[in-house]
Amino acid sequence: LSPPSARVARIEELVGEHMLEAERERELLLLAAMMLEGGGDTRSAYRISGRLLADKERLEHGFLSSLRRFRARLALNRGDVVEARSEVTLTERMVMETLRGMGQVTETIDHDDLSKVTTATWLLSAEIALAEKQFDNALQDLANARSCMVTGQKSVDETAMFELLSALICVGLADSAGAPALAYLYHLH
């Protein structure tokens, strides 16, 4: 087994023993999925994240948000922008489910309630909008991310991602500031 596969196997073994709290087991499984994705095994990463998402009613809000962002990242990395948009749109928003018979469920998203959407989700949404070539939407997502960053905590990674996305959007809009900004960021990081 390769090192990530060996670690994932050990995590799955630990989780299978049920010696940890359910919340810790879920966190370990998400970590395992991230390790698999990092090792190039997207299919197995989807399998684990799907298994976690199947239990979404019992997941803590922060964990569910991290899981949805991870699934959006998986979809974006494999080029499925539609699936990535679907996942990020569900993240940290109020979702109502309606049963329609025959086991069909309709999900309705409250697009007006953005109070719980975090910087990380806005940045991912901007990245997806950039992939969709929806530059105005990407700029709005960045503005929303900036609002979150001003009022809350901001990490070094979020700041760097904000700068990078800003420069990439400028390039996409053919703004002359985009290329020098990218060159500066490349030199800086």
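The values are calculated or read from the model by the stated rules, or taken from the named source; none is laboratory data. Just so we're clear, the structure is a prediction, and the values are computed from it rather than from any experiment. Glycine also receives a Cβ, built like all others from the backbone with ideal geometry; neighbour counts cover every protein chain displayed. Calculation scope for accessible area: heavy atoms of the full protein, side chains included, ligands and nucleic acids excluded. Shrake-Rupley method; radii C 1.70, N 1.55, O 1.52, S 1.80 Å.
Under a point-charge model restricted to the Cβ atoms of Lys and Arg (+1) and Asp and Glu (-1), what is the dipole moment magnitude of the chain relative to its Cα centre, in debye to the nearest 20?
300
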- [ ] Measure nothing but the geometry: give the 0 to 90° angle between the long axis through the Cα atoms of 81-90 and the longest principal axis through the Cα atoms of the chain, rounded to 10°.
- [x] 80
Task: Leading residue at positive end of dipole, the chain (Cβ point charges), from ALA9, GLY62, LEU142 - done: ALA9
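Sort 24-30, 121-127, 6-12, 71-77 for me by packing, meaning the mean count of neighbouring Cβ atoms within 10 Å per residue, highest on top. Show your work: numbers first, answer last.
Details: 24-30: 17.7, 121-127: 25.3, 6-12: 15.7, 71-77: 20.4.
Result, highest mean first: 121-127, 71-77, 24-30, 6-12.
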Open item on the list: Given the DSSP H assignment, sum -39500 (n - 2.57) over each helix run of at least 4 residues in the chain and divide by its residue total; what's the result at 222 nm in deg cm²/dmol, nearest 500?
Closed with: -22000 deg cm²/dmol
- [ ] At 1.4 Å probe size, with no ligands or nucleic acids counted, give the accessible surface of LEU31 in Å², nearest ten.
- [x] 80
Task: Alpha-carbon Debye profile of the chain, log10 I(q)/I(0) at 0.11 Å⁻¹ - done: -0.58
Task: Cα long-axis angle, helix 135-151 against the chain (0 to 90 degrees, to the nearest 10) - done: 80
